[in-house]
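Here's the structure, in structure tokens; my notes come after.
Readers should treat all values here as calculations from the given coordinates under stated rules, not as data from a laboratory. In this text, all values refer to a predicted model and were calculated from it rather than measured experimentally. Methodologically, a virtual Cβ is constructed for each residue, glycine included, from the backbone with ideal geometry; neighbour enumeration extends over all protein chains shown.
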Amino acid sequence: MGTQKGLWSFANKFFTAGVLGLYITDRFASVAPVRGSSMSPTLNPGTTKLMGLSTDDYVLVEKGCLRNYKFSHGDVVVFRSPSNHKERQIKRITALPGEWIGTRRFYDVLKVPEGHCWVEGDNSSSSMDSRSFGPIPLGLVQGRVTHVVWPPQRIGAIERRRPQDTISRL
Amino acid sequence: MRQWRRVANEAMQFSVSTAKFIALLHVTDSYLFSPILAHGSSMLPTFNFSGDVVLAERLSHRFGRVVPGDVVMVRAPDDPNMMVGKRVLGMEGDKVTFVDPASIRQYRKTTVVPKGHVWIQGDNTKESFDSRSYGPVPYGLIQGRAFFRVWPPNGFGFVDD
């Protein structure tokens, strides 16, 4: 009888913690690892060592922006890959709906359609981004990256910045 | 002093249980079922013009179980704050033949749905803004599958595929 009661209370606590955790990660903020070097040097500069081993950055993803999908230039966002819904990518927004963007691939300017955005990695030489798959719907965005939270020597806010070469490309 | 402590304790307990309740509501709504008020003419005759309440289940799209014929709730590609209900007609790699409603000469076009995308169309082809106009949409925009109609009473039951 005693063990049953203990088991029940454990299951109850476990369930409550799970529900609260899901609520917080969906509505407020979550932590996600960064893989790959497409956002280097802002994220994963490739030189971070923790106890002699190179390590990936962990970032804080803020979810409040999903209430109205308002973003500004230079926001770093997490979004579902348009070609694979199970995969998530981190890139920087460089153009918002209604703006014109220059593409090297087509040697042409392109208008970002309504409800879409143009995303690019900071490390343009090794980044799969809007330059290859075009503008993405804002509905795919899952959150905005605000801080690096791990490893300790990299903790800090991520600044919003416009890539310098936008003007020259236009 | 003792009375204050009791009041504070009660307030604490109340707010904790309220937070738990809100969290449970959120999890049920975004991982199990959520009610949707369907309106507009694009899904006639499956849904009425206004006021149909439909339950959408929010599990199968997470496991990639959406199949052609399902009525899905999709975040509109041209407005992320809006949800639209459409029917899936093609998955990635499928060949779709359609008539672009905007073209003057109603030629039939054929296209292949690219990787990770779905082709969605409204049941009322005359008044629907869908993949025929804006092309295939990424699977990641799917938010749920409409499966059960609650209102009106004469339509009570499962939504047919």
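Computed from phi, the 3J(HN,Hα) profile of the stretch A:131-139 under the Karplus parametrisation 6.51, -1.76, 1.60 (θ = phi - 60°) reads 5, 9, 10, x, x, 10, x, 4, x Hz, with x in place of Gly and Pro.
What is the sum of charges, Lys and Arg at +1 and Asp and Glu at -1, for the other residues whose Cβ falls under 14 Å from the Cβ of residue B:90? Numbers along the way, then the final one.
On the way: positive: B:86, B:87, B:95, B:109, B:115, B:132; negative: B:70, B:92, B:94, B:130.
Within the 14 Å Cβ shell, the charges total +2.
From the Cα gyration tensor of the stretch A:33-169, with a ≥ b ≥ c the square roots of its eigenvalues, which class applies: rounded if a/c is under 1.5, or else prolate if a/b is larger than b/c, or else oblate? Prolate, because a/c is 1.5 or more and a/b exceeds b/c.
Tell me the net charge near residue B:46. Cut-off is 12 Å between Cβ atoms, residue B:46 excluded, with +1 for each Lys or Arg and -1 for each Asp or Glu. Spell out each step's value before the answer.
Values: positive: B:86, B:87, B:149; negative: B:52, B:70, B:123, B:160, B:161.
Net local charge, residue B:46 excluded: -2.
Which chymotrypsin sites (Phe, Trp or Tyr not before Pro) in the stretch B:55-125 sit in a loop by DSSP (not H, G, I, E or B) and have at most 13 other Cβ atoms within 10 Å of their own Cβ? Each step should come with its number before you reach the end.
Values: sites: B:63, B:98, B:107, B:119; in loops: B:63, B:107.
Within the stretch B:55-125, the qualifying chymotrypsin sites (Phe, Trp or Tyr not before Pro) (loop, at most 13 other Cβ atoms within 10 Å) are B:63, B:107.
So which of B:86/B:109; A:70/B:20; A:70/B:109 end up more than 24 Å apart by C-alpha? Intermediate values should be presented prior to the final figure.
Numbers: B:86/B:109 20 Å; A:70/B:20 29 Å; A:70/B:109 36 Å.
Check vs 24 Å cut-off fails for A:70/B:20; A:70/B:109.
Just B:20, B:115, B:126 to compare: in a GNM of chain B, with alpha carbon springs under 10 Å, which one fluctuates most? Largest GNM mean-square fluctuation: B:20. In plain terms, the residue of A:93, A:158, A:136 with the fewest other Cβ atoms within 10 Å comes first and the most crowded comes last, giving A:158, A:93, A:136.
Using the Stokes-Einstein relation with a Kirkwood hydrodynamic radius computed over Cα pairs, the translational diffusion coefficient of chain B at 4 °C and a viscosity of 1.567 mPa s comes to 73 µm²/s.
For the stretch B:34-158, the relative contact order comes to 31 percent (Cα pairs under 8 Å, sequence separation of at least 6). Positive end of the dipole of the protein assembly as shown (Cβ unit charges, origin at the Cα centre): among B:26, A:153, A:42, the Cα lying farthest that way belongs to A:153.
What number comes out for the charge environment of residue B:35, summing +1 per Lys or Arg and -1 per Asp or Glu over other residues with Cβ under 15 Å away? Intermediate results must be reported in sequence, preceding the final value.
On the way: positive: B:58, B:145, B:149; negative: B:29, B:52, B:57.
After counting each charged neighbour, the total is 0.
Residues considered: B:103, B:128, B:34. Largest GNM mean-square fluctuation over chain B, using C-alpha springs under 10 Å, is found at B:103. Report, ordered by chain and residue number, the aspartates and glutamates lying within cross-link reach of residue A:13, taken as a straight Cα distance under 12 Å and ignoring same-chain residues fewer than 8 apart. Here the aspartates and glutamates satisfying the reach criterion relative to residue A:13 do not exist. For chain B, the longest principal axis of the Cα atoms and the long axis of helix B:2-27 meet at an angle of about 10 degrees.
Output the direction-averaged projected area (hull surface divided by four) of the convex hull of the alpha-carbon atoms of the protein assembly as shown, in nm². Display every interim value, and only then the final one.
Numbers: hull surface 103.3 nm².
Approximately 25.8 nm², given one-decimal rounding.
Select from the stretch B:60-91 those trypsin sites (Lys or Arg not before Pro) which occupy a DSSP coil region and have at most 16 other Cβ atoms within 10 Å, ordered by residue number. Intermediate results must be reported in sequence, preceding the final value.
Numbers: sites: B:62, B:65, B:75, B:86, B:87; in loops: B:62, B:65.
Qualifying residues, ordered by number: B:62, B:65.
Annotation: aspartates and glutamates with alpha-carbon distance below 20 angstrom to residue A:111 (same-chain offsets under eight excluded): A:75, A:99, A:120, A:129, A:165, B:78, B:79. Relative to the dominant Cα principal axis of chain A, helix A:2-27 is inclined by about 20°. Considering only A:89, A:142, A:153, the mean-square fluctuation computed in a Gaussian network model of chain A, springs between alpha carbons under 10 angstrom, is largest for A:153.
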